[in-house]
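Values in this text are rule-based calculations from the coordinates and carry no lab data. Quick caveat: nothing in here was measured; it's all calculated off a predicted structure. Cβ atoms come from the backbone with ideal geometry, glycine included; neighbour counts cover every protein chain shown.
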Amino acid sequence: MSENNTKVQRNLWENPWGYVESFFIGIGLIITGLFLEVLNTSESTFTLSYPFNLYFLIGYVLILFVLYKWFSTTQLIRWLTKVPASISSITLVTLLVMVMGIIPQVTSENSLINNLGLNHITSNWAFLLILFQFLTCLGLISIKRILQFKWSNFGFILNHLGLFLALISGILGTGDLQRLSINVYENKPSWIATDAQKNEIELPFAFYLKDFLIDEYHPKLALIENKTGSIAHNNGKNLYLVEKGEKYSFKNFEVTVNDFLPNSGRVGARYEPVNELGSPPSASISVKNVENDSIQNAWISSGSFRYPYESFKISEEYSLVMTIPEVKKFSSDIDILTKEGERISTVLEVNKPFSYKGWKIYQLSYDDKMGKWSNLSVLELVKDPWLPLIYIGIFMMIAGAFYMFWMGNKITKNQE
Amino acid sequence: MTWIDFPLYSSIIVILWIIGLVFLVVSYKKQVVFKIANVLFVAGWAVMLVFVIKLWIELDRPPMRTLGETRLWYATFLPLIGFVTYIRWQYKWFLAYSIAMASMFLAINYLNPETYSKTLMPALQSPWFIPHVLVYLFSYAVLAASSIVAIKGWYDSYQGNFKIETLKLADNLVYIGFAFLTLGLLFGALWAKEAWGHYWTWDPKEVWAFLTWMGYLIYIHYRNFHAHNSKQALTILALAFVVLLVCWFGVNYLPVATTSVHTYTQY
């Protein structure tokens, strides 16, 4: 497969096809795809679901195998297993993905973008066609190296077959992928989920939310410009967490946090710890002006959905405010109730999903207006039967990456 | 120990490294002088490590969330890659480059005071966080090094003394960088499945990470089959790095940025 160094004048489409022909075919596929996009005005996207996607996969792999085994001398198959076809398809896939990386994938005001389908590249015919060529190249060379197996091909096969598996099962799997979300309220069973199109779907089991918990960081102190209302300190960076006893300096003010109450309510001129719905955090602060040594004391609070915030005007120019606390962790203590009367208890948390009967159940969100007093927890249910195949592909590529890291340099060294 | 101490630490590091670079420049054929340069580099790097470790402890979370924090890691990894490359292939100019680049990143951080934020949102609290980011940053540092090799190659060929060894060094670096890039991408996919329910959502950052991966894929395939077209290979390498830079810094400025889940700095 070494390059032809002696440049001979040859005609287009003369055997064997090189880069010019490869890009010709690739760009032809893209133009065809864009035409299909213009002609096809229906909104629905074309997807295959079970069992047709499985038939497609089996049929596709069989055809690739047959093509390689018995038709490898034909012009088309020889071209597909050679480098120009691979590089041109990698380049053109890259080009279309780049379009996706620049044009937001939502309905556009520009009618050209809408008509050519450049705002939905992943289901654009041009992308699907060039991806099909890419996968065909990838599949054929994987089959080629597997049939001519040598241990030195091991890394090659891991990388190429892994990518092929991950990509094809990812694409075909979208037809069977189910993503539902469900609103679960404290002390109430819920079993009606909704899909992306807002259709209601009845689950074969119910969720019972026993408790929804939010852990918060302490709020932060910020210096605000009175005129604009924007954060003045260090270009809006360097906000300090409110911590009892800490001293911070903002411009020429020294701020000491005398006291911090995570849940409090205003009682006369000060805040006292209380424990009721919507009680906001508050802090007692002393502000010392370094220029004239004057000291002022005040209480500030970030407020909540029930109570207003309270800032502290420290000069004509500036005020100190307390930001709304950021969420550290949120979790749902739930029971899953089955029709057979079973009860499975678990705690869901971000990054800690729970698997149940082919579903993966995720903590998605909550009522963010209510914050830590939310009694609503939003869960997500995902079923992706193609996942094992995708994972096989991904783990083959991970192994391939280690192989590459280890061997890559030796391979290039041995070449010369 | 926080970002407030950064000017002090970074000054110490940069001064040590600059003196080291001066020694390196005058060390032509004098091993003793070169050794002094190395001692200075290592000393600066040790101070760097102390700062990173103390910052990590103080923040109580891995310092990997913001651009400034990633620049810090970059400044930590580059000298390491310089040392290893020197031990392995004896490139002095490359060692000098990596130290100079690391100093530059420290200077950028000095000029842009960084967020002093201890908070870490729930989606980032995962065992995947550290491997995902570290693997990526290491890969970016190695690939940046490979693009510097490309620039040297261009320069050499204008001077008319291009050596194929230069491209071989680029190959070595790209192979290592690409292996780590693949790992970063796949770790990201596995993590996304745990955190967001799907391994691939074509989020803008994912799109550009994929494009970066494809860019280096083109380079590797091109190099494998056209071992002597050095100019084209160097061009591909430079373009791939441009895509990497878009992925790293540029995504935030593209029209697609608003839909990204990878923007973690709201202030």
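Here are a few things to note about the model shown:
- Gained length - B:Val25 relative to B:Ile151, 0.36 nm times residue gap less alpha-carbon distance: 43.4 nm
- Test item: A:348-358 mean partner chain Cβ contacts at 10 Å: 3
- The 3J(HN,Hα) values that the Karplus relation (6.51, -1.76, 1.60; θ = phi - 60°) gives for segment B:239-252 are, in residue order, 5, 4, 5, 4, 4, 4, 5, 4, 4, 6, 10, x, 3, 4 Hz. Gly and Pro appear as x.
- Across segment A:265-279, computed HN-Hα scalar couplings (Karplus, 6.51 cos²θ - 1.76 cosθ + 1.60, θ = phi - 60°) run x, 6, 10, x, 8, 9, 9, 10, x, 9, 9, 9, 4, x, 6 Hz from first to last residue, x flagging Gly and Pro.
- Once the C-beta distance of A:Val267 and B:Ile57 is scaled by a Förster radius of 45 Å, the resulting FRET efficiency is 0.70 to the nearest 0.05.
- Computed over chain B: relative contact order in percent, which uses C-alpha pairs under 8 Å that are six or more apart: 16
- Helix-only mean residue ellipticity at 222 nm for chain B, each DSSP H run of n ≥ 4 adding -39500 (n - 2.57), per residue, nearest 500: -26500 deg cm²/dmol
- Between A:Lys244 and B:Tyr253, the C-beta separation translates, for a Förster distance of 56 Å, into a calculated FRET efficiency of about 0.90.
- Percent of alpha-carbon pairs separated by more than 45 Å within the protein assembly as shown: 33
- Protection proxy ranking for A:185-195, A:357-367, using the average of other Cβ atoms within 10 Å per residue and placing the highest first: A:357-367, A:185-195.
- When each of A:Lys210/A:Lys329; A:Lys247/A:Lys313; A:Lys244/A:Lys369; B:Lys54/B:Lys193; A:Lys357/B:Lys193; A:Lys210/A:Lys372 is checked by Cα-Cα distance, pairs over 24 Å: A:Lys244/A:Lys369; B:Lys54/B:Lys193
- For the peptides A:246-252, A:214-220, the ranking by packing is A:214-220, A:246-252, with the highest mean count of neighbouring Cβ atoms within 10 Å listed first.
- Shape category assigned to segment A:218-325 from the gyration tensor of Cα positions, a/c cut at 1.5: prolate
- Simple label model, 7 Å out from Cα along Cβ direction - A:Tyr309 to A:Phe149, nm: 6.5
- Relative contact order %, segment B:121-267, counting alpha carbon pairs below 8 Å whose residues are six or more apart: 27
- Over chain A, relative contact order from alpha-carbon pairs under 8 Å, at least 6 apart, %: 16
- When each of the peptides A:278-288, A:200-210 is scored by how many other beta carbons lie within 10 Å of its residues on average, the order from highest to lowest is A:278-288, A:200-210.
- Taking amide H positions as modeled 1.01 Å from N, with prolines and chain starts lacking one, the residues under 5 Å from A:Phe250 and 5 or more places away or on another chain are A:Val255.
- Close amide H contacts of A:Glu216 (hydrogens built in the peptide plane, cut-off under 5 Å, sequence separation of 5 or more or a different chain): A:Lys328.
- Two-site label geometry, B:Ile130 and A:Asn199: point separation in nm, points 7 Å out along Cα→Cβ: 4.5
- Segment B:1-120: C-alpha gyration tensor shape, a/c 1.5 cut-off, then a/b vs b/c: prolate
- Peptide B:221-232 - average C-beta neighbours from other chains (10 Å radius): 3
- Pair B:Ile36, A:Asn226: separation of 7 Å Cα→Cβ label points (nm): 6.0
- Estimated dipole of the protein assembly as shown in Debye, rounded to 20 [Cβ of Lys and Arg +1, of Asp and Glu -1, Cα centre]: 2540
- Interchain or long-range residues, amide H under 5 Å from A:Tyr318's placed H: A:Asn226
- Per residue, the convex hull volume that the Cα atoms of chain B enclose (Å³): 134
- Residue separation of A:Ser345 and A:Tyr55 scaled by 0.36 nm, minus their Cα-Cα distance, works out to 100.5 nm of gained length.
- Segment A:143-217-segment A:344-398 distance, computed between alpha-carbon centres (Å): 9
- Residue by residue along B:31-39, Cβ atoms of other protein chains within 10 Å of the local Cβ number 0 on average.
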